[in-house]
1. Local charge sum around A219 (other residues, Cβ-Cβ under 14 Å, Lys/Arg +1, Asp/Glu -1)?
2. Could you tell me the convex hull volume per residue, in Å³, taken over the Cα atoms of the stretch 448-493?
3. Kindly rank 634-641, 192-199, 129-136 from highest to lowest mean number of other beta carbons found within 10 Å of each residue.
4. Given H placed on each backbone N at 1.01 Å, which residues far from R182 in sequence or on other chains put an amide H within less than 5 Å of it?
5. For a label point 7 angstrom out from the Cα of L444 toward its Cβ, which stretches of the stretch 394-409 have the backbone nitrogen within less than 20 Å?
6. How much accessible area does V189 have with a 1.4 Å probe, in Å² rounded to the nearest 10?
7. Please go through the residue pairs K595/K650; K268/K367; K595/K685; K99/K235 and name each one whose alpha carbons sit more than 22 Å apart in this structure.
8. Find how many whole Å separate the alpha carbon centroid of the stretch 352-412 from the alpha carbon centroid of the stretch 217-286.
Amino acid sequence: MKRILYIIVWMSISMLSYAQDLATTYQLPPKDILDLATAPPTPTVLFTQKVDLMLILQRNSFIDIVDLAQPELKLAGVRINPGAYAQSRIPFIVAIKIKNARSGSEHLVTGMPANPKLSYIRFSPSEKKAAFIHQDKEGNQLWVIDLTTRIASRWSSVTLNSTLGNPYVWVHDDLILAKSVRKSLAPPVISNVPSGPTIQETEGVAAPAATYQDLLKNANDVRQFEFYCTSDLVKISKTTAVPIATNLIINNFDLSPDHRFILLNKVKKPYSFLVPYSRFASQYEIIDLNGKSTRTLVDNPLDEVRPKGFDATTKYPRGFQWRNDQSSTVVWIQSLDEGDPKKVVPHKDAVMQLQEPFSGNPAIIYKSTLRLRNISWGDSQFAIAEEGLFSTRQTLMKKFNPMIPDVKIDTVFNFSADDAYNDPGNLVMTKNEYHRDVILTDGLKSKIYTISQGASDEGNMPYVASYDLKQKKQDILWRCKAPFYEMPVQIIDIQSGTFITTKESITESPNYFLRNFKGLTPSALTNFPNPQPQMLGVKKEKIQYTRADGINLTAMLYTPKGYDQSKDGPLPVMMWAYPREFKSAADAAQVRGSKYQFTRVTSGSPLFWVLRGYAVMDQTEMPIVGAGDAEPNDTYIPQLVQNAEAAVHKVVEMGVGDRNRIGVGGHSYGAFMTANLLAHCDLFKAGIARSGAYNRTLTPFGFQAEQRSYWDAPEIYNAMSPFMHANKINEPLLLIHGEADNNSGTFPIQSERLYSAIKGNGGTSRLVLLPYESHGYAAKESVLHTLYEMDAWLENNVKYPGTKSKKPKS
C-alpha cells in the first residue's frame, strides 16, 4: 500500500514539474514582427456635414494587460467596468486635433483632460460644438469642445452610465440629455456563500437559443446587473444636471426630431438565465423633456421562446424608432407570422405608425413580403424599405408612400445577398431640417443615389451612381480607376458633384480627398504617412485559380521584398482563410476585394511572416456551396478540402510555394476550418487555430450559417466537428484562445477539449490560453506573445519541419 502511494505522489510531482516547464512570462516576437506590430495607428477622421471642419482622432494601438486585468462583471450579455459604470474593453481616443478643411490649418484642442481616454465623440446639431466622454478613476465625465475657440471644458459634475446602449444625445448647443450614475447608493454586498441552489425550469415549450455567453447565472448576478445598469435620465447644461426620470434600467432612448419628446426603452423584470438583456421584459414609453409620460406604447414580456431559424424573430413589437422625416412620429415593426419563417402568410411584417399626440390606435403604413430589415426615410410621401430572407439570400429594396399603405409599392432593387456584382450598395443620405438622415434625391425627387463597392471581375472598383426611379435605370456618376482603390465616404453637394473619398494604392496609405464628379483635380484633405514602411517592396498579387468542380477562386498572394522565383526557388507558405457559405456556385465564384488596396498589417494578420521569408496567401477563398434545396454544410468537408487542394496546387504550380512546407491558419470560424483541414487532408505541415469552436454538439441550435439544430441533422454536426476526428489530426496544431472569450459558441473549453483529444490520441499540439482576453486580443502583451507563439510554431513546423535545432536565432 505504501509503495502504491509513493508511485502516485511521484507521478504527481513529475506532472507538476512538466507543467511548470511550460509556464512562461509574456514573450516578444522577433524584431521585424515587433516593429511592424507596434507601428502607430493611422488617425480616424470625423467631418462636419459641410466639410468645413475635421476632427482628427488619434488612438492607442493597444491597451496594457494591467488595464485588461481590472475588475470586470459579465452580466446578461454585457461586460461592465464596475468602477466606471461603463462597458469594458472599449477602444479609447487619446488625442483630438481640429483641422480647417479649406485652409488646411491644424490646431490642438486646449483645456483637455489629463491622460485622455475618450469615446462617444459627437457633433452638436449646429456643428458648432462636439461632445465626448472622458473616462478616469471617477467614471465617465461629459466634456464639450467649442469648435470656434477650440477650448474643451467639462459639463456638470455628474458621471454618465454607459453600461447599456447610448449614453447621451444632444438636444441643442447648450443642452444634452444623458444617463447618469446614481452615486448615492452603495454597491450590493456579494457573498460567496450561496443562499440556495440556482434553479431553472422548463414547462414543455420549445425554446431553442444560441449559445450566448456572459448570461446571468444566480441571484448575485441579478443584484449586480440591477445596480450597475440602473441610471437616471438627466438634462445637462454646462453647470447643471436636472433629473427627469430616475431609477430606471434604460436600454436606450432617443429624442424626437423636433426635440420635444423622448422615446424611452426600459428593461423590466422578469430577467432570464437563457438569453441576454436585449430579450428581457421591456417597456417602450414616450415622455416629454420634463419627464411627463405621454403614452406607454407597449409592455413586452420576457422573450425567451422563439421559432427556429435565422429568419425567425420575436412575435412582440420590435424596432421602435422616430421617423426621421417627421417632427414627432413613432414607428415600429410587428411580425405578421408570429416571428415564424415557416408559416405561410402573404406578409411577414408590418410597419406600425403613431403620430403626435400619440392617441388612438396605430396605423399600418407598410407590409413586407419578406422579413423587414430596415427603412430609410425620405419625406412624408417617400421611403424605401429593405427586406430579405437568409434562407434564400433574396434581398428587396422597395419604394413606398407612407401616406397610402399598400399602394404604389415599387421594387427598386432585387438581388441576392451573396451576389456582390449586382449589389447596388448603400443609399446616400443627407441631413434634413431636423438634422436627421434622410434619402438624398434630386430636385424632382425622381432620382436616388448609391455608393457601392463596385465588385466586378477586376475586383472592387467603388462608384457613386444615380438611379432613376421611373425609368429604373442606373447611371454611374464616378468610379475609381486603377491603380488606386478609392472609396466615396460622404456626398457634400449632389448638384455641384462634390464629395469626399478615401484614396489608397499598394504603396500609398489611405488619405481623404475632396473630389468632383466632373473630373476636377482632387484636393488632399489629409496627409497621413505610411505607418509601416517595412512593407514597401513586398509584392502583392491577386491570384485566380479553379477548384476541381469548376468554381473559380481567388487569394491575395504576398511575397518578400526582392524575391525572385527563378533564383530563390519555392518558399515556405502561410495560408490564412475564413470559410463562407453560398447558395449559388456563380456567386461563390465572384471576385472579391481589391488588389490595389494599401496593405496595413493589423495585429491579427498573417502578413507578418512575409518579412520572415514566407509566401503568404491571405483571403484565400473557401466557399461552401449548397444550391437549390441542398444546404452548404451537407458537403462541407469535401468542399473544404477541394478549396485547399486548389489553393495549394496554384501556389506550387507558380513555383512560389514549396509543397512540403505549407502551413494553414485562421481565427474563429477560420480556426474551425484549420482543424478540419488537418483532420481530413495531408496538404499542410502544421496549423494555427485561434479562438475557434471544434465540437458542434456544444452549439446545438445552429452555428455560423447552419440553421438546423443538432437533432435535425446530427450527422452534419458530427461530420463537421474536428473534435470527433481528433485521432486523424496528425500534423502539429497550435491552439490559441482568450480565457474570457465572449463570442457565441467559442467558449475556451472548445480549445481545451480539442487539445486534450489530440494529446490523448498521440498527436502534436500546443495550447496557449491568454488571460483576460476575449474573442479578439487587445492587450499589448497578449498580442505580441501571440505573434511570438505563431512565429515559433511556423519556424519549427513549417519552415524547418522536425528540425528545431536549425531554427535561426531571432
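The values are calculated or read from the model by the stated rules, or taken from the named source; none is laboratory data. Worth saying up front: this structure is predicted, and the values here are computed from it rather than measured. Backbone-built Cβ (ideal geometry, glycine too); neighbour counts: all protein chains shown. When the accessible area is computed, the model is the full protein with side chains, heavy atoms only, and any ligands, DNA or RNA have been set aside. Shrake-Rupley method; radii C 1.70, N 1.55, O 1.52, S 1.80 Å.
1. +1
2. 76
3. Highest mean packing first, the order is 129-136, 634-641, 192-199.
4. Residues meeting the criterion, in which the H sits 1.01 Å from N, are D232.
5. Flagged as within label range: 399-401.
6. 130
7. Result: K268/K367; K595/K685; K99/K235 exceed 22 Å.
8. Cα centroid to Cα centroid, the span is 28 Å.
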